Amino acid sequence: MSSVMEKNTLKYGSGFPTLLRKEIKRFYKVAFQTVAAPVLTAILYLMIFGHVLEGKEVYGHISYTAFLIPGLVMMSLLQNAFANTSSSLIQSKLTGNLVFILLTPLSHFEFFSAYVLAAVFRGVVVGFGVFLITAWYGLPALEYPLWIIIFAFLGAAVLGSLGLIAGIWADKFDQLAAFQNFFIMPATMLSGVFYSIHSLPPIWQAISRFNPFFYMIDGFRYGFFGVSDVSPWTSLTIIGSFLICVSAIALRMLQTGYKLKH
C-alpha cells in the first residue's frame, strides 16, 4: 500500500488527492450500507412522525411533513459525515494500515482536509438521497438555496472534524460508540429536527440555544422556508466559530501525532 501511495503521489504531485479518493471510494464500495441504510432510516422517521402529527402546522402555515423533511435531511447528513471520518480512522488504527498513510509525505493539513472533504461528500450524498426520496411525501419550498448549500457544507465539515477527533481519541470501537451514542446522537436528536424550539417551555428553549447542532438545523431549514427560530446570520456565526474550534483541535492532534505516532 505504501508503494501505491508513493506512485500516486508522484502522479498527482501531492498525496492529498490520492487520500481523498481513497476515502471516497471506501464508503462508495459499501454504498448499500453507507448510503441506502440512512435513507431508509429517514423514510421510516418521516412515515411515523408524519402520520402521527398529520395536519399539524409549524410557523403558522407550514405543514409538519414539509417542516420535518429538511430536519431529516440535515440529521442524516450530519450523522454520516461524522461516521465517515470516525469509522475510517478507527478501522485503520485497529488493522494497522494507518502507518502506511503516516509514512507518506502528507502534511497534517492535507491529512485533515482529505478526511473532512470525504466526510462532507458522503454527508451531502446521503442528505441529497434522503431529500429525493422524502420529497415525494411533500416537497418543501426552496426559498434560499444558497443558505441550504452553506449550512449543509459547514455542518458536514463540523461533524467530519468531530469524527476525526473521535477517531484519533478512540482506541477501540466501544469508545467510539460511546462518543457517538452519548454526544453526537443526543445533540442531533435534540437540535430541533422534529420540532420548533418555540414549542418548548422557556427553560428548554434556553438550553437548546447552547446546542450548536440546533443552529445547523435551524439555518438549513431557513433556506427552505425563509423562516427560522433564530437569524440565519446568528446561526452562521456560531457554526463558523464552532468549525474553527473543532478544526483547530483536530489539526493540533494530527500535528502532535496524538495516539497516532505512539
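The values are calculated or read from the model by the stated rules, or taken from the named source; none is laboratory data. Note that the structure is a prediction, hence the values are computed from the model and not measured. FYI the Cβ positions are ideal-geometry reconstructions off the backbone, even for glycines, and counts take in every protein chain you see. Note: accessible area is taken over every heavy atom of the protein model, side chains too, but ligands, DNA and RNA are not part of it. Shrake-Rupley method; radii C 1.70, N 1.55, O 1.52, S 1.80 Å.
Laid out as a table, the results:
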item: Test: residue in the stretch 75-83 that is among the hydrophobic types (A, V, I, L, M, F, W, C) and either surrounded by fewer than 20 Cβ atoms within 10 Å (Cβ to Cβ) or in a loop (DSSP other than H, G, I, E, B) (or both); result: no
item: Odd one out for Pro186 among (1) part of a helix (DSSP H, G or I); (2) in contact with a helix residue (DSSP H, G or I) (Cβ under 9 Å, 6 or more places away or on another chain); result: (2)
item: Whichever residue in the stretch 189-213 is assigned to a helix (DSSP H, G or I) and crowded, with 17+ Cβ neighbours inside 10 Å and, among such residues, is nearest to the chain's Cα centre (by Cα); result: Phe213
item: Which listed residue is assigned to a helix (DSSP H, G or I) and open to solvent by less than 10 Å² (accessible area, probe 1.4 Å), from Leu72, Leu44, Leu20, Leu40; result: Leu72
item: Qualifying residue in the stretch 138-152 (condition: closer than 16 Å to Ser87 by Cβ, among the small types (Gly, Ala, Ser) and part of a helix (DSSP H, G or I)); result: no
item: Subset tally (residues that are open to solvent by 60 Å² or more (accessible area, probe 1.4 Å) and either over 26 Å from the mean Cα position of the chain (by Cα) or touching a residue at least 40 places away in the same chain (Cβ under 8 Å) (or both)) for the stretch 48-59; result: 8
item: Unique match (being surrounded by fewer than 24 Cβ atoms within 10 Å (Cβ to Cβ) and under 24 Å from Leu68 (Cβ atoms)) among Ala177, Ala135, Ala170; result: Ala135
item: Members of the stretch 94-132 found to be small (Gly, Ala, Ser), open to solvent by 10 Å² or more (accessible area, probe 1.4 Å) and part of a helix (DSSP H, G or I), listed by number; result: Ser113, Gly129
